[in-house]
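Visitor: Please see the structure below; I have some questions.
Nothing in this text is a laboratory measurement; each read-out follows from the coordinates by a stated rule. This structure is a prediction, so every number in the text was calculated from the model and none was measured. Positions of Cβ are backbone-derived with ideal geometry, glycine not excepted, and every protein chain shown enters the neighbour counts.
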């Protein structure tokens, strides 16, 4: 068993010093506020967003639907879970009454009254529409409503689009960390 080290960034945003726009969704998309009945829908979007990405290697629970359900249950059962920073984006499917859930974000409060954004996920077919930005801005509204002054998040450094998104919103690098990831060694014949 080999080990690889994945570089991760912890990024922070000073809410008092940052003016941010209102979160806006493209036409046809809508917000669903946190409701415990949406837990499975959040988990399905989380799985669709992460299972084929590097984060599924860094956090193996993201590689399977059951792991995503378990993660959602763990997040929402925490004492410092913040429903006002937890959102689902959905879009009505063409001619169907089945919603097309496509984005998810969860919020926690850490020690020191710092908001902690968890798992910004947008399924691949909906990327490039501004949903990630909208999710982060919507979560930040929840943190402001809770009267927090700072928000943090962690991101895999290789996920350049996400890093650039967070920087464009005003997040700044606070710390670089390395997460060990076990993997099977490659065999040569």
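Visitor: Decide, for the range 126-179, between rounded, prolate and oblate: order the square roots of the alpha carbon gyration tensor eigenvalues as a ≥ b ≥ c, take rounded if a/c falls under 1.5, and otherwise choose prolate if a/b is larger than b/c, else oblate.
Guide: oblate
Visitor: Considering Cα pairs under 8 angstrom that are at least six residues apart, work out the relative contact order of the range 1-91 and quote it in whole percent.
Guide: Contact order relative to length: 37 percent.
Visitor: Would you calculate, for the chain, the mean residue ellipticity at 222 nm contributed by helices, counting each DSSP H stretch of 4 or more residues as -39,500 (n - 2.57) and dividing by all residues, to the nearest 500?
Guide: -8500 deg cm²/dmol
Visitor: Send over the semi-axes of the range 1-46's equivalent ellipsoid, whole angstrom and largest first, taken as the square roots of 5 times the C-alpha gyration tensor eigenvalues.
Guide: Here the semi-axes work out to 29, 24, 12 Å.
Visitor: I've got another one for you. With the contact rule set at Cα under 8 Å and sequence spacing of 6 or more, what percent relative contact order holds for the range 56-189?
Guide: Worked out over the range 56-189, it gives 19 percent.
Visitor: Order by neighbour count: 46, 179, 19, fewest other Cβ atoms within 10 Å first, most last.
Guide: 19, 179, 46
Visitor: Can you classify the chain as rounded, prolate or oblate using the Cα gyration tensor, where a ≥ b ≥ c are the square roots of its eigenvalues, rounded means a/c under 1.5, and otherwise it's prolate if a/b beats b/c and oblate if not?
Guide: oblate
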